[in-house]
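Here the structure comes first, spelled out in structure tokens, and everything after it is commentary.
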Amino acid sequence: FWIKLRKITKGKRPPDRKSVNITINNHPTATFTYPTNGTWLIGIEVLNASASTDDQNIANYIFELDNNTDFSSSAILCNTQDVNCTFNTSSQTQCNEESLDCFLRLNVTDGDGLKNSTYITIGVDNTGPSSTLQRPINGTNITTNYYELNASVTDNGIGVNITTFLYRENETES
């Protein structure tokens, strides 16, 4: 981008044209690569901000966690020059388990000190599902070739995708 400047004084011959180069420095753009909005996180996760961009270079990434979008009580997960941040969801205390009331904020700063940020909603689910076997009752001896099982399995976070029933033919087998 360049602009030509020319000064004209009344009654005088215009001076020679001069060119001035102007560099425009845009603010960086903060973007999460992983996780995306609405993702459930479990255990140790690697957050990634490699989709963030700048016309110069991004000098610093700050990853924050909070249970409100004002980030008034946030915990800094990472303050680094690296696009990745390792997040142990089991040790965090900011957000409730099995709830999407959790927010990650990414703050980026470019080499000239310009800043930008964005945030997303996440869920933390380190609690396994609960199950109740309604039929058969524990210890029931099944002597028919066909027997209908009945159980309920619930998870308030990620949910339940597959339920598997295991059985043994007699007490001595494991």
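Each residue, Thr86 and Thr127, gets one label point 7 Å from its Cα in the Cβ direction; the gap between the two is 2.8 nm. Applying the Karplus relation 6.51 cos²θ - 1.76 cosθ + 1.60 with θ = phi - 60° to the stretch 119-132 yields 3J(HN,Hα) values of 9, 9, 8, 9, x, 10, 9, 9, 9, x, x, 10, 9, 9 Hz, where x marks Gly and Pro. Couplings 3J(HN,Hα) of the stretch 108-117, computed from phi: 10, 10, 8, x, 9, x, 6, 10, 7, 8 Hz, in residue order, whole Hz [Karplus 6.51 cos²θ - 1.76 cosθ + 1.60, θ = phi - 60°; x for Gly and Pro]. Once each of the chymotrypsin sites (Phe, Trp or Tyr not before Pro) sitting in a DSSP loop with at most 13 other beta-carbon atoms within 10 Å is removed, the chain keeps 2-145 as its longest stretch. Modelled spin-label separation between Arg168 and Asn150, with each label point placed 7 Å from Cα along the Cα-to-Cβ direction: 2.7 nm.
Find out how many positive minus negative residues lie around Ser73, taking Lys and Arg as positive, Asp and Glu as negative, among other residues whose Cβ is under 15 Å from that of Ser73.
Numbers: positive: Arg105; negative: Glu64, Asp66, Asp70, Asp101.
Surrounding charge for Ser73 is -3.
FYI, it's all coordinate maths here, none of it is from the lab. Quick caveat, the model's predicted, so the values are computed rather than measured. Cβ atoms come from the backbone with ideal geometry, glycine included; neighbour counts cover every protein chain shown.
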